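Trainee: My structure is below; once you've seen it, I'll send some questions.
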Amino acid sequence: MSEAEKTTERSIMEDIDLINAFKAGDKTAFDALVIRHKDMVFNLCYRFLGDLQDANDAAQDVFIKAFKALKRFRFESSFSTWIYRIGVNTCKNKVKSAEHRYREQTTSLDNPGPGRDGDPPMEMADESPSPTVALESKERSMIIQKAIHSLPKGKKKMIILRDMEGLSYDEIMNITGFNLGTVKSKIARARSDLRGMLRGVL
């Protein structure tokens, strides 16, 4: 087993211990779960919704739903996969809600908002100190982000889960309920559409 696999295994076991503690009546165990997974949940919500306030509201909703449902958690998947599923469904409902208005990407280039581990969303690594190169990189990131948000909801979800969140096919199957062939097909079609949208632009 590789070091990364050992780390993942330890993380899963720690989540299980916290869930069992919560089920036994220790409410602080849920606080610990929130601390462990809050960045992942927020980043997922931000990538779906494209707005910091909406993402923050959705992330809070995710943990409220998780708190209410955790006593019924049956360990059929990892906690992270389970809460991913809640996050995806919460964001889908928020997009459908009349309270959610689609916003064009208007984030300042100097503050494009957090992505995974606090980095700007889809920021492209560039070690060049040139301000011009850095500006062009941010502009490309914004173009890609806008294109992803323009995809139909189902295809957008696949791009976010596979290419932005880096989830495995098994994890996406657990989250979406699709079989492997359907997952691969939907990802391929979503990537094809995205490439078509960006062709001639980037």
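Trainee: Of the residues that make up the stretch 28-48, is at least one modelled with pLDDT of 90 or more, farther than 29 Å from ILE148 by Cβ and assigned to a loop (DSSP other than H, G, I, E, B)?
Mentor: No, there is no match, as no residue in the stretch 28-48 is modelled with pLDDT of 90 or more, farther than 29 Å from ILE148 by Cβ and assigned to a loop (DSSP other than H, G, I, E, B).
Trainee: Oh, and also: Exactly one of these conditions fails for GLU76: (1) assigned to a helix (DSSP H, G or I); (2) acidic (Asp, Glu); (3) surrounded by fewer than 19 Cβ atoms within 10 Å (Cβ to Cβ). Give me its number.
Mentor: Unmet condition: (1).
Trainee: Scan the helices (runs of 4 or more DSSP H) fully inside the stretch 125-187 and keep the ones with 2 or more residues being modelled with pLDDT of 90 or more and among the aliphatic types (A, V, I, L, M).
Mentor: Working: elements: 131-150, 153-159, 169-176.
Qualifying helices (runs of 4 or more DSSP H): 153-159, 169-176.
Trainee: If we scan the stretch 86-95, do we find a residue that is outside any loop (DSSP other than H, G, I, E, B), within 23 Å of ALA147 (Cα to Cα), small (Gly, Ala, Ser) and under 20 Å from the mean Cα position of the chain (by Cα)? Working first, answer last.
Mentor: Let us first name the residues in the stretch 86-95 that are outside any loop (DSSP other than H, G, I, E, B), namely 86-95.
Still in the running and within 23 Å of ALA147 (Cα to Cα): 87-95.
Now drop any that are not small (Gly, Ala, Ser), which leaves 87.
Restricting the remaining residues to those that are under 20 Å from the mean Cα position of the chain (by Cα) gives 87.
There is at least one residue in the stretch 86-95 that is outside any loop (DSSP other than H, G, I, E, B), within 23 Å of ALA147 (Cα to Cα), small (Gly, Ala, Ser) and under 20 Å from the mean Cα position of the chain (by Cα).
Trainee: Let me ask another. When the residues of the stretch 12-30 are filtered to those that are in contact with a Lys or Arg (Cβ under 8 Å, 6 or more places away or on another chain) and over 12 Å from LYS71 (Cα atoms), which remaining residue is surrounded by the most Cβ atoms within 10 Å (Cβ to Cβ)?
Mentor: Selected residue: ASP15.
Trainee: Which residues, taken from the stretch 48-85, are under 19 Å from GLU165 (Cβ atoms) and hydrophobic (A, V, I, L, M, F, W, C)?
Mentor: PHE48, LEU49, LEU52, ALA55, ALA58, ALA59, VAL62, PHE63, ALA66, PHE79, TRP82, ILE83
Trainee: Another question about this same structure. Under the condition of being among the charged types (D, E, K, R) and touching a residue at least 24 places away in the same chain (Cβ under 8 Å), which residue from the stretch 1-34 is nearest to ARG72 (Cα to Cα)?
Mentor: Of everything passing the filter in the stretch 1-34, LYS23 is nearest to ARG72 (Cα to Cα).
Trainee: Then there's this: Take LEU52 and decide whether it is touching a Gly at 6+ places or on another chain (Cβ under 6 Å), surrounded by fewer than 16 Cβ atoms within 10 Å (Cβ to Cβ) and among the hydrophobic types (A, V, I, L, M, F, W, C).
Mentor: Values: touching a Gly at 6+ places or on another chain (Cβ under 6 Å): yes; surrounded by fewer than 16 Cβ atoms within 10 Å (Cβ to Cβ): yes; among the hydrophobic types (A, V, I, L, M, F, W, C): yes.
Criteria met by LEU52.
Trainee: May I ask you to say which residue of ASP39, ASP61 is within 13 Å of the chain's Cα centre (by Cα), surrounded by 14 or more Cβ atoms within 10 Å (Cβ to Cβ) and of a type in the set (Asp, Glu)? Quick ask: steps written out before the conclusion?
Mentor: On the way: ASP61 fails: within 13 Å of the chain's Cα centre (by Cα).
None of the other options fit; the residue is ASP39.
Trainee: Oh, and also: Got a number for residues in the stretch 188-201 being surrounded by fewer than 16 Cβ atoms within 10 Å (Cβ to Cβ) and either assigned to a helix (DSSP H, G or I) or within 20 Å of the chain's Cα centre (by Cα) (or both)? So that I can check it myself, show each step before the final result.
Mentor: Restricting attention to the stretch 188-201, the residues satisfying the condition of being surrounded by fewer than 16 Cβ atoms within 10 Å (Cβ to Cβ) are 188-189, 191-192, 195-196, 198-201.
Narrowing the set further to residues that are either assigned to a helix (DSSP H, G or I) or within 20 Å of the chain's Cα centre (by Cα) (or both) leaves 188-189, 191-192, 195-196, 198.
Going through the stretch 188-201 one residue at a time, the tally reaches 7.
Trainee: Would you confirm, using the coordinates I've provided, whether PRO121 is in a loop (DSSP other than H, G, I, E, B), out of contact with any helix residue (DSSP H, G or I) (no Cβ under 6 Å at 6 or more places or on another chain) and either surrounded by 14 or more Cβ atoms within 10 Å (Cβ to Cβ) or modelled with pLDDT of 90 or more (or both)? Talk me through it step by step, then tell me what you get.
Mentor: On the way: in a loop (DSSP other than H, G, I, E, B): yes; out of contact with any helix residue (DSSP H, G or I) (no Cβ under 6 Å at 6 or more places or on another chain): no; either surrounded by 14 or more Cβ atoms within 10 Å (Cβ to Cβ) or modelled with pLDDT of 90 or more (or both): yes.
In short, no.
The values are calculated or read from the model by the stated rules, or taken from the named source; none is laboratory data. All of these numbers come straight from a predicted model, not from anything done at the bench. As a convention, Cβ positions derive from the backbone with ideal geometry for all residues, glycine included, and neighbour counts pool all protein chains shown.
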